[in-house]
């Protein structure tokens with residue numbers, strides 16, 4: 001009996017403890033929820049407003065020479081003289097090196113000898129032609145007289161004599177034709193000899209290696225006495241004599257995204273900033289590929305930058321801002337106020353009574369820090385910026401206006 005009484009007392013004590021603990025937890029939660037119901041959270045808001053909007057794109061790229069070429073020898077030979085070295089500035093047409101090509105000199109001399117031999121053959125053929133023409137004239141005149149006498153007095157001239165005279169006339173005429181052919185052949189041989197001389201003379205001129213444009217020598221691969229292979233041979237990997245680059249104008253190569261390609265304009269002037277020099281230069285959009293890269297979905301675009309004083313160096317990195325679109329009166333909100341989904345988006349709007357509304361909007365052009373609202377908002381609407389996921393539609397908030405930076409596009413660099 002006493003044991004049963006003890007069990008009852010213990011059970012009642014445990015039940016009282018559980019009830020007391022549950023009551024405390026309930027009271028604590030009720031107290032914790034009361035301040036949230038009484039107090040509104042602060043939300044940072046900005047106004048949707050109409051401002052001039054500039055849609056610009058900042059791109060980085062690398063300077064490259066306007067022209068760069070490996071200068072090869074047209075003919076194989078030994079370097080007799082080389083006049084330039086790395087860093088030397090040269091002008092177009094300036095002699096860079098001279099090759100020694102003994103066999104080519106011999107071929108030029110042989111071509112000259114062939115020309116002289118062909119001229120002698122022409123003079124000999126001309127003399128033979130004059131002699132053949134003279135003989136033909138005499139033979140033809142003799143035959144003509146005999147023919148006339150035979151016609152005037154039949155039987156006066158023997159038929160054999162008349163036939164012999166006619167054969168002599170025909171033979172002399174054939175001799176004229178033969179000497180004319182010999183003269184024509186000699187003239188053809190002279191033309192061939194002249195062409196050979198022009199060919200070898202042109203090759204001999206290639207023994208003088210000149211600069212194809214005004215620039216700077218960036219590499220030298222040959223010294224005096226070195227054997228240089230002809231750069232036209234596909235069976236050998238001929239080394240160039242020098243490498244020449246044009247730095248008076250440089251190309252800034254930038255990759256333009258697919259979305260910005262329609263807004264590129266040939267000849268447009270842009271600003272180019274070089275961080276390593278802390279200077280800004282003027283450039284011109286000079287050329288673009290008119291085709292997108294399959295890997296990066298960007299278009300190869302080149303901006304020409306004048307560099308007459310040599311301040312810029314090939315390989316330097318630079319930044320440029322491409323102005324894509326301009327509008328003078330555009331309804332915009334900060335980019336941080338928008339949840340974007342393609343051409344649509346959502347903003348958290350704070351109504352006049354302080355409640356939050358999730359508003360769907362349609363967006364347009366994007367600037368550096370603000371984005372165009374095509375529909376869904378009015379000028380003066382208050383939208384929340386910052387971490388939008390912390391706020392729910394219908395929630396009561398205390399709007400706190402915040403200051404904004406100056407409109408995009410006023411200071412690009």
Discussion item. Which numbered condition in (1) within 27 Å of residue 97 (Cα to Cα); (2) buried (at least 17 other Cβ atoms within 10 Å of the Cβ) is the only one that residue 249 fails?
Written reply: (2)
Discussion item. When you scan segment 311-321, do you find a residue that is assigned by TED's automatic domain parsing to the domain that holds residue 253 and closer than 21 Å to residue 51 by Cβ, even just one?
Written reply: yes
Discussion item. Taking the conditions exactly as written (over 30 Å from residue 192 (Cβ atoms), in a helix (DSSP H, G or I) and touching a residue at least 24 places away in the same chain (Cβ under 8 Å)), does residue 168 satisfy them or not?
Written reply: yes
Item to complete: State whether the residues of segment 279-290 include one that is within 30 Å of residue 218 (Cα to Cα), under 15 Å from the mean Cα position of the chain (by Cα), crowded, with 16+ Cβ neighbours inside 10 Å and modelled with pLDDT under 90.
Response: yes
Worksheet item: Just to be sure, is residue 100 over 30 Å from the mean Cα position of the chain (by Cα) and either surrounded by fewer than 18 Cβ atoms within 10 Å (Cβ to Cβ) or within 15 Å of residue 213 (Cα to Cα) (or both)?
Response: yes
Worksheet item: Restricting attention to segment 148-166, does a residue exist that is loosely packed, with under 13 Cβ neighbours inside 10 Å, outside the structural domain of residue 250 (by TED's automatic domain parsing), within 30 Å of residue 73 (Cα to Cα) and in contact with a helix residue (DSSP H, G or I) (Cβ under 9 Å, 6 or more places away or on another chain)?
Response: no
Discussion item. Please pick out the residue among 273, 220 that is surrounded by 13 or more Cβ atoms within 10 Å (Cβ to Cβ) and closer than 22 Å to residue 93 by Cβ.
Written reply: 220
Practice prompt. State which residue is surrounded by the most Cβ atoms within 10 Å (Cβ to Cβ) when the search covers only segment 291-302 and only residues that are in contact (Cβ under 8 Å) with a residue 12 or more places away in the chain and over 19 Å from residue 65 (Cα atoms).
Written response: 299
Item to complete: May I ask you to verify whether residue 193 is surrounded by fewer than 14 Cβ atoms within 10 Å (Cβ to Cβ) and within 60 Å of the chain's Cα centre (by Cα)?
Response: no
Fill in: Lone unmet requirement of (1) outside any helix (DSSP H, G or I); (2) at pLDDT below 85 for residue 92
(2)
Practice prompt. For segment 350-389, enumerate the residues that are free of Cβ contacts under 8 Å to residues at least 60 places away in the same chain and over 45 Å from the mean Cα position of the chain (by Cα).
Written response: 351, 352, 353, 355, 357, 358, 359, 389
Discussion item. Just to check your reading of the model, which residue among 142, 132 is touching a residue at least 24 places away in the same chain (Cβ under 8 Å), farther than 14 Å from residue 180 by Cβ, assigned to a helix (DSSP H, G or I) and more than 60 Å from the chain's Cα centre (by Cα)?
Written reply: 142
Practice prompt. Within segment 337-367, work out how many residues are outside any strand (DSSP E or B) and within 24 Å of residue 399 (Cα to Cα).
Written response: 6
Practice prompt. Kindly provide the set of residues from segment 76-87 that are crowded, with 16+ Cβ neighbours inside 10 Å and not in a strand (DSSP E or B), ordered by number.
Written response: 76, 84
Worksheet item: How about segment 28-46: which of its residues are modelled with pLDDT of 85 or more and surrounded by 14 or more Cβ atoms within 10 Å (Cβ to Cβ)?
Response: 43, 44, 45, 46
Worksheet entry | Cβ pairs under 8 Å, 6+ apart, first in segment 303-321 and surrounded by fewer than 18 Cβ atoms within 10 Å (Cβ to Cβ), second part of a loop (DSSP other than H, G, I, E, B) | 311/277; 316/276; 316/277; 317/275; 317/276
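The values are calculated or read from the model by the stated rules, or taken from the named source; none is laboratory data. Keep in mind that this is a model prediction, so the values were computed, not measured. We place every Cβ from the backbone using ideal geometry, glycine too, and count neighbours over all the protein chains shown.
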